[in-house]
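Worksheet: one structure, shown below.
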Amino acid sequence: MNAFDEDGEIVQRVERYYTGRFEEFGATPRGVDWTSAESQTLRFEQLLKVCERARGPFRLLDFGCGYGSLLEHVRARGIDCDYVGYDLSEPMLAHARERFGGDGRAAFVGPHEPLPGADYAVASGIFNVKQDVATEPWRAYVLHTIDRLGTLGARGFAFNALTSYSDPERMRPDLHYADGRELFDYCKRRHSRQVALLHDYGLWEFTIVVRK
Ligand SMILES: C[S@@+](CC[C@H](N)C(=O)[O-])C[C@H]1O[C@@H](n2cnc3c(N)ncnc32)[C@H](O)[C@@H]1O
C-alpha cells in the first residue's frame, strides 16, 4: 500500500472532509463542494470527451463519484456503459447504492473493496481541496493518483483540477491550483501520446483527457 492510497493520512483527511460536506448539505452539488449543478454538469461534459469516440458499450469508472451524479448524467444522455462509482465516503456510497439500486449496470465500491479496472476512468474534483496539506506532498499525491487513473483506464482517462491561472486575489490557501502545463507534460510522457488539455470552458480549472 502506497502512503498516498486509501490508508494514507492524506486520503483519510480527504475522506473526513467530504463526508462532512455530505452530512451538512446532503446529495446536492454543495454536498460535494460544487457551487452549482450547472458547473457540475459542465465538468462531466469535459470529462466524457475521453469516451466520445467509443463504439459500442464500454466500462466507465468514476473515481471519486460522490453521490453518483455522473451516473444520472450518463443515463440521461443515453451513453451505453457499465458504470462503477468509487469513493472514500461511505455515507455517499450508501446514498448512491440506494438511489441507483435499480440500475443493473451500475455498482458502487468503497475504499476497502477491490477496485475494478475499466475502459475509461474519470475523476471530477478530487485534486482541489488540500486543506492544510503542504503543496509538495499534495502535488506528489496528485501525480500518484494520475498514475492510478492511468492503470485503471485501459483505453483512457480524464480528470480536472483548479488552475494556477486563477486570479491571485481569489486563490485560497486550502485549495490546490495545479499547473496544467506540468500535468499535460506528465501525462504525455508517462501515459500516452494522445493528450488534450481543455482550458476553455469558463471555470477556474482545466480538464486533461488522455486517450490510449
Ligand atoms: C468534489 S467531489 C465531486 C464528486 C463527483 N465527482 C461529482 O462531480 O459530483 C470529490 C469526491 O471525490 C472523492 N475523493 C477524493 N479523493 C478521493 C480518492 N483518493 N479516492 C476516492 N475518492 C476520492 C471525495 O470523497 C468526494 O466525494
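Each value in this text was obtained by applying a stated rule to the coordinates, not by laboratory testing. Bear in mind the structure is a predicted one, so any value in this text is a computation, not a measurement. Cβ: placed from backbone, ideal geometry, glycine included. Neighbour counts: every protein chain shown.
Please sort by residue number the trypsin sites (Lys or Arg not before Pro) in the range 1-60 whose DSSP state is loop and whose Cβ has at most 11 other Cβ atoms within 10 Å.
Arg53, Arg55
Expressed as a rounded percentage, what relative contact order does the range 9-211 have, with Cα pairs under 8 Å and six or more residues apart?
On the way: 328 pairs, mean separation 39.9, N = 203.
The value is 20 percent.
Looking at the range 25-92, which GluC sites (Glu not before Pro) are in a loop (DSSP not H, G, I, E or B) and have at most 10 other Cβ atoms within 10 Å?
On the way: sites: Glu38, Glu45, Glu52, Glu72; in loops: Glu52.
In loop regions of the range 25-92 (DSSP not H, G, I, E or B), the sparsely surrounded GluC sites (Glu not before Pro) are Glu52.
Could you tell me which chymotrypsin sites (Phe, Trp or Tyr not before Pro) in the range 2-45 are loop residues by DSSP with no more than 14 other beta carbons within 10 angstrom of their beta carbon?
Sites meeting the loop and neighbour criteria: none at all.
For a distance above 24 Å, tell me the whole-number percent of Cα pairs in the range 13-146 that qualify.
Values: 2424 of 8911 pairs.
More than 24 Å apart: 27 percent of the Cα pairs in the range 13-146.
Suppose we keep just the DSSP beta bridges with both residues in the range 9-211; what percent of those would be antiparallel, to 5?
Here the share of antiparallel DSSP bridges comes out near 40 percent.
Any lysines with Cα under 25 Å of the Lys49 Cα? List them, leaving off those in the same chain fewer than 8 positions away.
Lys188, Lys212
How many angstrom lie between the Cα centre of the range 88-154 and the Cα centre of the range 34-56?
Taking the Cα centre of the range 34-56 as reference, the centre of the range 88-154 is 16 Å away.
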